[in-house]
1. Need one word for the stretch 153-498: rounded, prolate or oblate. Basis is the Cα gyration tensor (sqrt eigenvalues a ≥ b ≥ c); a/c below 1.5 gives rounded, then a/b vs b/c decides.
2. Please compute the contact order of the chain in relative form: average sequence separation of alpha-carbon pairs under 8 Å and at least six residues apart, divided by the residue count, as a percent.
3. By counting other Cβ atoms within 10 Å of each Cβ, how are 340, 294, 172 ranked from fewest to most?
4. Could you tell me which of the pairs 269/295; 411/444; 38/295; 252/295 are separated by over 23 angstrom between their Cα atoms in the structure shown?
5. What is the fewest-to-most order of 168, 432 by other Cβ atoms lying within 10 Å of their Cβ?
6. Based on the mean of other Cβ atoms within 10 Å per residue, sort peptides 265-277, 388-400 so the most packed one is first.
7. So what's the angle, to the nearest 10 degrees on a 0 to 90 scale, between helix 36-46 and the longest Cα principal axis of the chain?
8. Roughly how many debye, to the nearest 20, is the charge dipole of the stretch 195-309 about its Cα centre, given +1 on each Lys and Arg Cβ, -1 on each Asp and Glu Cβ, and no other charges?
Amino acid sequence: MMSFRLYNILLCLIAGLLLNASTAFGFENISWIKSYDKGLSHSAATGQPAFIYFHAPWCSWCYVYERDTLGNRQIINTIKQHYTPVLVNYDARPDLIDKYRGFGLPFTVILSHQGKLLARLPGILNPPDMQHTLQQVIDMQIVQHSPPTEILTHVSSLDAHSYQNFLTHWLEHLENLYDPTTGTFSGILDSGAALKRSAPLAWAFSLEHNLWPERTKRAAQATLDNLYDSKHGGFFYFRDPHRSDKHLETAKLLDANTWLIYWFAQAGKQYNNAKFTSAAQRSSDYLQRVLWDEKVGGFFQAQVSDEDYYTLNRVATSAPALDRIKRTDSNAQATIALIETGRLTGDPALVKTAADTLRYLMSHHLLDTRLYHSRSDDGLGQAFNLAEDIFWLLAAMQTAIDADATFATSKQTQTKQIHEIYKLANQWLTITVQSKTGIQLPNKLLGIIAWVAVNSNNSLVSEQTASWALRQIHIESGTRPDELVYALKAWRYFLKTKN
């Protein structure tokens with residue numbers, strides 16, 4: 001017979017295993033509502049605050065957060081008893097990240113049952129801090145873990161002097177974010193957020209206008225050293241210089257890669273640097289070989305992060321899976337970046353791929369009067385007619401037209417498709433301009449609206465639209481380097497057309 005002592009030991013071992021299993025897989029035991037709108041409706045009906053967690057399949061830190069914090073037994077019990085848990089795929093609803101002023105993943109917000117923001121939680125909270133926050137909300141205390149940022153510069157007018165003044169303030173802001181030890185924008189924002197992602201739009205703008213030639217060259221070399229996958233092509237998402245282990249986030253995202261390709265093609269040509277040119281060429285090949293959907297068309301959003309694959313023998317293990325969601329805004333940006341890169345390098349294949357991308361979007365994401373934000377293997381997403389999608393798509397169409405790239409079966413069909421998207425833009429503008437909510441729109445959105453307005457001959461988007469958008473741009477203490485690039489491009493073109 002089994003001894004009493006051995007029996008107790010086995011019971012303890014089993015209990016320990018069960019506890020560990022509960023901790024490791026507890027995140028999945030929460031009954032998440034996987035629709036933002038349905039989650040808010042459930043919260044309103046029950047009177048419970050909504051615990052809204054934004055994640056993505058390619059986010060490795062999300063898995064850490066889910067395992068260590070959201071998988072904690074006490075956290076699970078508190079959420080189950082007192083909250084409506086809502087799980088949001090960032091790629092399906094990036095508009096919500098902008099709405100709640102988030103940046104990066106993981107990101108969590110807590111709303112009252114009336115929709116009031118109670119807590120805003122960027123990054124990873126450890127279990128004690130999370131439990132403290134959850135209890136504060138239950139006790140009806142408002143929590144703000146990320147303080148609002150200070151507005152440093154407004155736009156006073158749109159003349160040349162004001163542009164130069166704004167540009168000077170922007171460069172001063174970038175100077176504060178530039179870290180000479182890394183050669184990149186890796187400073188700390190006033191909010192406490194640490195910059196770690198590449199800033200290809202800002203560096204490309206610097207290169208185009210000869211603002212920081214030596215720094216731009218050094219930043220390109222640092223990015224090549226830290227983020228370029230010399231074996232398979234493509235750029236990893238970021239390396240965190242603020243961590244002692246200099247963690248490399250090995251996800252490869254579509255939009256980040258397409259702008260990095262454009263910047264590196266520029267840098268290769270400007271500095272006559274064969275390594276930069278090769279990185280751009282091999283990374284554009286990576287996009288078409290790995291992220292492009294050969295069956296239907298369009299680019300998938302990302303190759304999922306898997307650090308083990310890149311640190312172990314890649315031959316012996318299978319490559320990281322794809323995040324098979326296709327976003328309208330990301331594919332539209334890919335269209336622009338690939339056309340600009342193709343024109344810069346004289347590669348017509350890149351322009352053709354860009355036109356094929358537009359053709360895919362117009363046939364699979366635009367249905368009747370709805371432009372859907374995303375499509376996956378499960379079908380169309382829930383979000384449609386988002387401003388970011390509408391205006392990035394218009395910008396992509398305008399770029400394709402300028403490059404004589406046909407993206408429809410006929411000229412008549414192409415004209416009709418363009419008109420449909422402009423109608424959506426005009427509808428959104430009419431509602432937004434007339435709205436008196438006082439909500440500050442993101443700089444990046446305002447910039448692309450202005451760019452479309454100044455580059456368009458379509459009467460549905462007027463010069464007044466460009467003025468309206470540009471007068472709202474501003475520099476905050478928390479403004480990221482890439483946010484204002486398209487606004488600056490639009491403003492320069494606005495002044496050019498005035499002269």
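Taken together, the values in this text are just the output of simple stated rules run on the coordinates, not laboratory data. Keep in mind the model is a prediction, meaning the values are calculated, not measured. Reconstructed Cβ throughout: ideal geometry from the backbone, glycine too, with neighbour counts over all protein chains shown.
1. Oblate shape, in that a/c is at least 1.5 and b/c is the bigger or equal ratio.
2. With pairs under 8 Å counted, the relative contact order is 13 percent.
3. 294, 172, 340
4. Among 269/295; 411/444; 38/295; 252/295, the Cα-Cα distance tops 23 Å for 269/295; 411/444; 38/295.
5. 168, 432
6. Sorting 265-277, 388-400 by mean packing, highest first, produces 388-400, 265-277.
7. In the chain, helix 36-46 runs at an angle near 50 degrees to the longest axis.
8. Computed charge dipole of the stretch 195-309: roughly 380 debye.
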